[in-house]
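Presented below is the structure to which this report refers.
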Amino acid sequence: MLNIQNLNAGYGEMPILRAINITIAQGEIVSVVGSNGAGKSTLLKAISGIIKSSGTITYNHESLHALAAHTIVKRGVVHVPEGRKIFPEMTVLENLMMGGYLHQKDRQTNLERVFTLFPKLAERRNQLGGTMSGGEQQMLAIGRGLMGNPKLLLLDEPSMGLSPLFTEVVFGAINTINSSGVTVLLVEQNVYQSLKISHRGYVIETGSIVLTGTGEELLNNKDVKKAFLGM
Ligand SMILES: Nc1ncnc2c1ncn2[C@@H]1O[C@H](COP(=O)(O)OP(=O)(O)OP(=O)(O)O)[C@@H](O)[C@H]1O
Ligand SMILES: [Mg+2]
């Protein structure tokens, strides 16, 4: 579904991503794990066309480099950015509706789907986004992404700053979303949880992929255990 070959990207003169190769098959959950500043968010920004990159990124055999960011969204590549970035002065419902503006005719169905996944959002539909708790805002950010009819969902650190309980809820939701047919690229520092739900994973270190394997292989890898799992 997504094929990234020899991807290089950075900011201005500063190179960040170096010769990245990643493939994602339809139906998979793939995670990219790595520490702060490794280039995880930069990778998602390059895929969704927010920053320029070189190399090839093909999505269903079409080059994403040829497309504008809003066209990439229309193709079903939906990016839920780091730090949630919901609209604080809008209600929960308005935030969700914004996520569905490209898909007016599916909005009601999508809204029901989001409310089933996160009943809390239904309960709080008239509350201002900015007054929701951190965990609730994360649900809202994912819910808003789902309103955009994703085929490939790019999730940037959905568990950041969440309590263990909310983390479980969010990872459970990612599994449910994937079971409904959405392919997921998950970028996380919560290495254990994300590899546990992933079919495959990649470890990124200072802009390069240093290791890849199934979620289980990586969880059992001694370098991963040492670097990320404190074992
Ligand atoms: N807009 C920017 N301009 C200049 N440098 C940037 C910019 N955004 C990120 N960087 C730099 O690029 C590098 C990779 O950043 P990135 O945000 O991709 O890391 P990350 O793996 O997502 O880290 P974290 O886990 O902390 O979110 C960092 O050194 C960061 O300082
Ligand atoms: Mg990041």
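One residue stands out in segment 190-200 among those that are out of contact with any Phe, Trp or Tyr (no Cβ under 7 Å at 6 or more places or on another chain) and within 16 Å of ligand 2 (Cβ to nearest atom): the one that is modelled with the highest pLDDT, namely S194.
Yes or no, residue by residue, for (1) crowded, with 17+ Cβ neighbours inside 10 Å; (2) in the same structural domain as Q138 (by TED's automatic domain parsing); (3) within 15 Å of the chain's Cα centre (by Cα); (4) farther than 24 Å from A141 by Cβ:
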residue	(1), (2), (3), (4)
L7	yes, no, no, yes
S48	yes, no, yes, no
T58	no, no, no, yes
M98	no, yes, no, no
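Residues being modelled with pLDDT of 95 or more and within 12 Å of ligand 1 (Cβ to nearest atom) are represented in segment 18-29 by at least one member. Reported count of residues in segment 75-90, each being buried (at least 17 other Cβ atoms within 10 Å of the Cβ) and either under 19 Å from R125 (Cβ atoms) or within 14 Å of ligand 1 (Cβ to nearest atom) (or both), is 6.
The values are calculated or read from the model by the stated rules, or taken from the named source; none is laboratory data. In this text the structure is predicted, and so the values were computed from the model without any measurement. We place every Cβ from the backbone using ideal geometry, glycine too, and count neighbours over all the protein chains shown.
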